[in-house]
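The values are calculated or read from the model by the stated rules, or taken from the named source; none is laboratory data. Keep in mind it's a predicted model, so treat the numbers as computed, not measured. Cβ: placed from backbone, ideal geometry, glycine included. Neighbour counts: every protein chain shown.
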Amino acid sequence: MVEKLKLKHMLDLGEKKLNRYKEYVAKRLATIKIILQKVAMGDFSENIEIPETEDEFTECLVAVNLMIGDLREMMREIKQKTAELEKTKVGLEEEVTRRTKELQGKVLELARFNKVAVGRELKMVELKEEIAQLKKQLGEVAEKSKEPVISQEPVTSKMQAIPANPGQSPEPAGTLNQKPDSKSTKTLKYKTHD
């Protein structure tokens, strides 16, 4: 009977210790759970508190704190790189805008040059056609008359037609370059007046 009582007492003590240990584990897991929920949401600002006396959780808690520290450092680097990329993006957008304006200016300049060059070429084609038409007309006139074209310019004041026979009046200015017909064989002499 005494042994039964001792055994019962030991079982009661063991059960009390087990209940206290369960309470300790539940309390420790509750604090860990809060911090792990924050980590899951991206908040790496807190570490899990490690007790001064080592227990079954110490190694696990140290490893979790190291992971939280690594995650915190990675997030800091990501934020830094994101900020750098944002600055680069803004710089590139400004550069693209500047170069786009430059290219638009050059396109306008090329369009103006093209307009002038095409206009010039069209004018050249038009003038060549006009020259060809004038040559054709000149050839037709020459063919019709079967004679070279006669200059219609009057005799200058320094030159005067002198008749071959004295006492005869000089010929009118328009007849000097005409071909003499077969009936008239007058010879003209020119005298210059100084």
Across region 17-34, the tally of residues that are within 60 Å of the chain's Cα centre (by Cα) and touching a residue at least 24 places away in the same chain (Cβ under 8 Å) stands at 1
For region 46-81, name all the residues that are surrounded by 10 or more Cβ atoms within 10 Å (Cβ to Cβ) and hydroxyl-bearing (S, T, Y). T58
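Pick from region 17-47 the residues that are assigned to a helix (DSSP H, G or I) and among the charged types (D, E, K, R): which of them is farthest from F57 (Cα to Cα)?
Residues of region 17-47 assigned to a helix (DSSP H, G or I): 17-40.
Next, only the ones that are among the charged types (D, E, K, R) stay: 17, 20, 22-23, 27-28, 33, 38.
On the way: K17: 18, R20: 16, K22: 13, E23: 14, K27: 12, R28: 9, K33: 13, K38: 20 Å.
Across region 17-47, the extreme among qualifying residues is K38.
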Quick one: which residue in A161, A142 is small (G, A, S), at pLDDT below 85, assigned to a helix (DSSP H, G or I) and in contact with a Pro (Cβ under 9 Å, 6 or more places away or on another chain)? A142
On the basis of being in a helix (DSSP H, G or I), free of Cβ contacts under 8 Å to residues at least 60 places away in the same chain and over 51 Å from the mean Cα position of the chain (by Cα), does G14 make the cut? yes
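Just to be sure I understand, how many residues within region 54-87 are farther than 16 Å from K33 by Cα and assigned to a helix (DSSP H, G or I)? Break it down stepwise before answering.
Taking region 54-87 first, the residues farther than 16 Å from K33 by Cα are 54-56, 59, 66, 69-87.
Next, only the ones that are assigned to a helix (DSSP H, G or I) stay: 59, 66, 69-87.
Qualifying residue count for the region: 21.
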